Amino acid sequence: MDYDYLLKFLALGDSGVGKTSFLFQYSDNVFHEKFISTVGIDFREKRLIYRPPTEDGFLSQRGQRIHLQLWDTAGQERFRSLTTAFYRDSMGFLLLFDITNEQSFVSIRNWLDQLKTHAYCDDPDVILCGNKADLEDERVVSEERARETAKRYGLVYMETSAASGQNVAKAVELLVDMVMKR
Ligand code: GTP
């Protein structure tokens, strides 16, 4: 085995919010404008070195080798029973909505209900991502509203863009940090 930890994360959220694009941007630094809806489930992999801070606040010399498995679920309702079966194995979640789509924001509640029912524990680590932040002109969900909602549900909130790459790696790395500290 050439890694120290295998971490499984899962992306969820309504169809079209940008889950596949987000994971592609993270793993391969690419973005496609064409929308090909995910059928069922898919995954991408990535290696990274995690350097936990030591007690004196410095980063430790020897990093831990992390093998990340990023599960990409179909947002479409018809795949729901298939995709929720994968929640139990996941240690961290990226819950995406699209800042230009009100319904995808309203759906957050339902996705959290799904998580509560199917995840490995009651309070899994979740990062709420307001995706498509590059489309500021089309924004319908304000950052303030999103932050309030995140706070109410006890989630970390980040504005991301799978198109520009804004905060994509940062969100995943923060989730690694949260899961490793658990
Ligand atoms: P399902 O597989 O159906 O659940 O959809 P998904 O959430 O995986 O969405 P996908 O990544 O396929 O993206 C849907 C569409 O939105 C595609 O046309 C993408 O190019 C576009 N898109 C995704 N993320 C962004 C983003 O951050 N900015 C912009 N401008 N477009 C995006």
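Inside region 143-182, can you point out the residues that are part of a strand (DSSP E or B) and either within 16 Å of the ligand (Cβ to nearest atom) or surrounded by 17 or more Cβ atoms within 10 Å (Cβ to Cβ) (or both)?
157, 158, 159
With respect to the numbered conditions (1) among the acidic types (Asp, Glu); (2) in contact with a helix residue (DSSP H, G or I) (Cβ under 9 Å, 6 or more places away or on another chain); (3) over 24 Å from residue 141 (Cα atoms), which one is the sole condition not fulfilled by residue 89?
Going through (1) among the acidic types (Asp, Glu); (2) in contact with a helix residue (DSSP H, G or I) (Cβ under 9 Å, 6 or more places away or on another chain); (3) over 24 Å from residue 141 (Cα atoms) one by one, residue 89 breaks only (2).
Condition first: of a type outside the set (A, V, I, L, M, F, W, C), surrounded by fewer than 17 Cβ atoms within 10 Å (Cβ to Cβ) and within 20 Å of residue 6 (Cβ to Cβ). Now tell me which residues in region 62-89 satisfy that.
Matches in region 62-89: 62, 63, 64, 65, 67, 69, 88, 89.
So, residue 88, is that one within 12 Å of the ligand (Cβ to nearest atom), free of Cβ contacts under 8 Å to residues at least 40 places away in the same chain, farther than 18 Å from residue 26 by Cα and over 15 Å from the mean Cα position of the chain (by Cα) or not?
No: the conditions fail for residue 88.
Right, residue 94: touching a Phe, Trp or Tyr at 6+ places or on another chain (Cβ under 9 Å), under 17 Å from residue 11 (Cβ atoms), more than 12 Å from the ligand (Cβ to nearest atom) and outside any loop (DSSP other than H, G, I, E, B) or not?
no
Could you list, in sequence order, all residues of region 116-142 that are assigned to a loop (DSSP other than H, G, I, E, B), over 27 Å from residue 82 (Cα atoms) and touching a Lys or Arg at 6+ places or on another chain (Cβ under 9 Å)?
Hits for region 116-142 are 133, 139.
Residues of region 71-83 being in a helix (DSSP H, G or I) and within 14 Å of the ligand (Cβ to nearest atom), which ones?
77, 78, 79, 80, 82, 83
Is it the case that residue 105 is buried (at least 19 other Cβ atoms within 10 Å of the Cβ), assigned to a helix (DSSP H, G or I) and free of Cβ contacts under 8 Å to residues at least 60 places away in the same chain?
yes
On the basis of being touching a residue at least 40 places away in the same chain (Cβ under 8 Å), more than 16 Å from the ligand (Cβ to nearest atom), in a strand (DSSP E or B) and closer than 23 Å to residue 46 by Cβ, does residue 68 make the cut?
yes
State all residues of region 109-131 that are within 15 Å of the ligand (Cβ to nearest atom), touching a residue at least 60 places away in the same chain (Cβ under 8 Å) and touching a helix residue (DSSP H, G or I) at 6+ places or on another chain (Cβ under 8 Å); if no residue qualifies, say none.
Correct list: 114, 129, 131.
Just to be sure I understand, how many residues within region 1-36 are more than 7 Å from the ligand (Cβ to nearest atom) and either part of a strand (DSSP E or B) or out of contact with any helix residue (DSSP H, G or I) (no Cβ under 8 Å at 6 or more places or on another chain) (or both)?
17
Select from region 37-60 the residues that are farther than 18 Å from residue 174 by Cβ, in a strand (DSSP E or B) and among the β-branched types (Val, Ile, Thr) and list them in ascending order.
The one that is farther than 18 Å from residue 174 by Cβ, in a strand (DSSP E or B) and among the β-branched types (Val, Ile, Thr): 41.
No lab work stands behind these numbers, since they all come straight from the coordinates. Owing to the predicted nature of the structure, the values given are computational and were not obtained by experimental measurement. When we count neighbours, we look across all protein chains shown, and the Cβ atoms used for this are built from the backbone with ideal geometry, even at glycine.
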